[in-house]
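Encoded as structure tokens, the structure appears first; notes follow it.
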Amino acid sequence: MTIKMSAKNVNVFYGTKQAITDVSIDVDQDEVTAFIGPSGCGKSTFLRTLNRMNDTVASAKVTGDIRLDGEDIYAPSMDVVQLRARVGMVFQKPNPFPKSIFENVAYGPRIHGLAANKTDLAEVVEKSLKRAGLWEEVKDRLSESGTALSGGQQQRLCIARAIAVDPEVILMDEPCSALDPIATARIEELIHELKGRYAIVIVTHNMQQAARVSQRTAFFHLGTLVEYGNTSDIFTNPRQERTKDYITGRYG
Ligand SMILES: Nc1ncnc2c1ncn2[C@@H]1O[C@H](COP(=O)(O)OP(=O)(O)OP(=O)(O)O)[C@@H](O)[C@H]1O
């Protein structure tokens, strides 16, 4: 295992309420990691600690140690804008900007100074849309609004937008929950294609999806990490009773 991100003894509080208790986990560079668990167990909260999205919630407080390639992402010297480019995020509901398809993808590389000129920028946009599996569908209408695309296309546009700034890690928070089965299958295929190039962490409610897309699975319950291991072991031979109860549908 090549560790890309490492979290140690992480706690998250919303005001006085503790949402995550003492979670330690390593995220593999080359594999897809799934976070599963019943509603409210803290999957999204923990995911958001990995690129400091919790900073945007006034009541949220994070303690513990989280590292990206060994670098403390909560260090005062860490540039959070830069961090969120390195650790990109795709949300539950596709959220393209109300701008053209081209601009949705070009925005990040432009503000991060990743393209020297217009030609360069157009290349980055094309490469990102290709990598997100959307290019063929949109290449003739790049100036149309991103919000006019179908839900599944919008989600792939959001993935292209994350890819455009050349991230190292992509966090996906239930990326298919607003999509139909065909659009969902397309995103799952895409996750397979992106694996290896980016470390990927996906939160999902859907255990079949976790089993299909991930190689590592973390099971959360009541704000704690109950079990973390190879996806095949978690689903066929869990060590913890609570994991077994969850995957056999006894609760959740
Ligand atoms: N902004 C917030 N302010 C206060 N409490 C919050 C906030 N966000 C989440 N929580 C609480 O933290 C706990 C964990 O929530 P979180 O959304 O991380 O769980 P989850 O496992 O992702 O759930 P779901 O699958 O339903 O999205 C819950 O009790 C939730 O009510």
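What to note about this one:
- Residue in region 54-72 that is crowded, with 16+ Cβ neighbours inside 10 Å and within 19 Å of Val90 (Cβ to Cβ) present: yes
- Cβ pairs under 7 Å, 6+ apart, first in region 23-41 and at positive phi, second assigned to a strand (DSSP E or B) and near the ligand (Cβ under 9 Å from one of its atoms): Gly37/Phe220
- Exactly one residue among Ala178, Ala160, Ala218, Ala210 is in contact with a Lys or Arg (Cβ under 9 Å, 6 or more places away or on another chain), outside any strand (DSSP E or B), within 16 Å of the ligand (Cβ to nearest atom) and not charged (D, E, K, R), and that residue is Ala178.
- Cβ pairs under 7 Å, 6+ apart, first in region 224-236 and closer than 17 Å to Gly249 by Cα, second acidic (Asp, Glu): Ile234/Glu227
- Residue within region 12-22 that is within 16 Å of the ligand (Cβ to nearest atom), touching a residue at least 40 places away in the same chain (Cβ under 8 Å), within 17 Å of the chain's Cα centre (by Cα) and under 30 Å from Arg250 (Cα atoms) present: no
- Entry remark, region 36-53: residues being of a type outside the set (Lys, Arg) and near the ligand (Cβ under 8 Å from one of its atoms) number 10 in total.
- A single entry from Thr56, Thr63, Thr33 fulfils the requirement of being modelled with pLDDT under 95 and more than 9 Å from the ligand (Cβ to nearest atom): Thr56.
The values are calculated or read from the model by the stated rules, or taken from the named source; none is laboratory data. As the structure is a computational prediction, the values presented were derived from the model and not from experiment. Neighbour counts are summed over all protein chains in view; Cβ atoms, including those assigned to glycine, are modelled from backbone coordinates with ideal geometry.
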